[in-house]
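Here's the structure we're looking at; comments come further down.
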Amino acid sequence: QVQLVESGGGLVQAGGSLRLSCSASERTLSTYTRGWFRQGPGKEREFVAAISRSGGTTDYADSVKGRFTISRDSAKNAVYLQMNSLKPEDAAVYYCAAHGGFVTTIRAGRVDYWGQGTQVTVSS
């Protein structure tokens, strides 16, 4: 059974940084497009960032562009989200995602596998 496991969430002050990690249980996911989504209190789940199979293409939500960086390590079958200059509005449960298609389609919400989520809290 495919599992995505996130880690790295926590409490940080506004302006601080966190790095989220997502590991995959199945080696086949190293060939998948990977992404991050988030869901804040009372909000719908929204796209944050995505990275292609090769790592050569990335995409970001406008709200995080310039502050967040997505990367992947195929050897470790892991994906990371470096979050800098965090704002209170970034507080949410962050979900790792995997999709057998492209960056454009995972951005549209086409996800084959979800992680269980990790909480990010940003204090003002």
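The values are calculated or read from the model by the stated rules, or taken from the named source; none is laboratory data. The structure displayed is predicted, hence computed values, not measured ones. Positions of Cβ are backbone-derived with ideal geometry, glycine not excepted, and every protein chain shown enters the neighbour counts. Just so you know, the surface numbers come from the protein's heavy atoms only, side chains and all, with ligands and any DNA or RNA stripped out. Shrake-Rupley method; radii C 1.70, N 1.55, O 1.52, S 1.80 Å.
Tabulated values for the structure
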quantity: Residue pairs meeting the criteria (Cβ under 7 Å; at least 6 apart or on separate chains; first in a strand (DSSP E or B), in region 65-77; second open to solvent by 50 Å² or more (accessible area, probe 1.4 Å)); calculated: Phe68/Gln82; Thr69/Gln82; Ile70/Thr58
quantity: Check on Phe37, crowded, with 21+ Cβ neighbours inside 10 Å, of a type in the set (Phe, Trp, Tyr) and either touching a residue at least 60 places away in the same chain (Cβ under 8 Å) or part of a strand (DSSP E or B) (or both); calculated: yes
quantity: Flag for Thr28 being polar (S, T, N, Q), surrounded by fewer than 17 Cβ atoms within 10 Å (Cβ to Cβ) and in contact with a helix residue (DSSP H, G or I) (Cβ under 7 Å, 6 or more places away or on another chain); calculated: no
quantity: Per-region count, region 36-80, residues in contact with a Ser or Thr (Cβ under 8 Å, 6 or more places away or on another chain) and either among the aromatic types (Phe, Trp, Tyr) or closer than 19 Å to Phe102 by Cβ (or both); calculated: 12
quantity: The lone exception for Ile51 - which of (1) within 22 Å of Thr121 (Cβ to Cβ); (2) open to solvent by less than 50 Å² (accessible area, probe 1.4 Å); (3) in contact with a Gly (Cβ under 9 Å, 6 or more places away or on another chain); (4) of a type outside the set (Phe, Trp, Tyr) it fails; calculated: (1)
quantity: Among residues of region 86-124, those that are under 20 Å from Arg67 (Cβ atoms), among the acidic types (Asp, Glu) and open to solvent by 40 Å² or more (accessible area, probe 1.4 Å), counted; calculated: 1
quantity: Residue in region 10-20 that is under 19 Å from Ile106 (Cα atoms) and within 12 Å of the chain's Cα centre (by Cα) present; calculated: yes
